[in-house]
Amino acid sequence: MGFLTQVWAKAAAATDPAPADAAVPDEKPVPDTKPDAEQPKTERKEWGYDLYPERRGETFKPKWSRILFGMEGQENIDRYKCEQNVYWCVKNGPLVKLMMGALRSSGCPMDLRRHISCEVCDPSVTGGYDPVLNQIVVCQNMAKNKSMVHGVLTHEMIHMFDYCNNDLDFRNVDHLACTEIRAANLAHCSFLSAMMQGDASPFNVKEAHQNCVKSKALASVLAVRNVTHEQAVAAVERVFPKCYADLEPIGRRIRRNSMDQQKAFMEAPLYGYDVY
């Protein structure tokens, strides 16, 4: 029995099964693959599209109660700070520079002004990838510092890379599970993060990283697809061996507090990728 299957079975035994339309918010939801005007509301909700109001053409309107407490009302300032952080990451972030170079080397267009957008999002997410516009969304109200923006950009650029190079179909749950596994594997999981989400202990150090990747991928699939836990678990387990082993274009799993980011950036030309 796989790690996710064990976790799911334990949760199902302890609580009532989650409803079929349950969605676990995460930082990596994927918007719809059709223009909003053509989407019924139920379909938009299934895909997490409602988590990005500006993707629907809506203008964010702050509430007076939240303005009084300083929680809203500075959207223009937040957007400016977000764009500053994006620019800093593009110029100084090793993994972001690597990913931009890899995208361009693969024939995938990557223009800072065209393909990255700072927007107000639902508080449950920090970023996303819109395959319709081939655009990364950085949530200016949630990703507030350079470190968070660097993580969002790296994660979402992996989705962009997969969409451009691997004919990724976000409507296919196996494809979605695969790209989320790759993004968690290359951009997020470390032993510390695994400990924080309860996937590691002194007794399973060897499997900690894999369990962290599976957990994050599962949460992401549930966040953007109207599927049951059982279906999402099955998809993640089905594609995990192949997708976990795919380290393109970063070439290595990044360990926290190490030189891995810089090494990956310096090694990129060895794999045929230009550096930005």
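The values are calculated or read from the model by the stated rules, or taken from the named source; none is laboratory data. Computed from a predicted model, the values in this text were never measured in an experiment. Counting neighbours? That spans all protein chains shown, and the Cβs are built from the backbone with ideal geometry, glycine included.
Miscellaneous remarks
- Against the test of being surrounded by fewer than 21 Cβ atoms within 10 Å (Cβ to Cβ), at pLDDT 85 or above and acidic (Asp, Glu), the options Asp167, Asp162, Asp246 yield a single qualifying residue, Asp246.
- Members of the range 216-259 found to be closer than 11 Å to Glu180 by Cα and among the charged types (D, E, K, R), listed by number: Lys216
- Exactly one residue among Ala102, Ala143 is in contact (Cβ under 8 Å) with a residue 24 or more places away in the chain, buried (at least 20 other Cβ atoms within 10 Å of the Cβ) and not in a helix (DSSP H, G or I), and that residue is Ala143.
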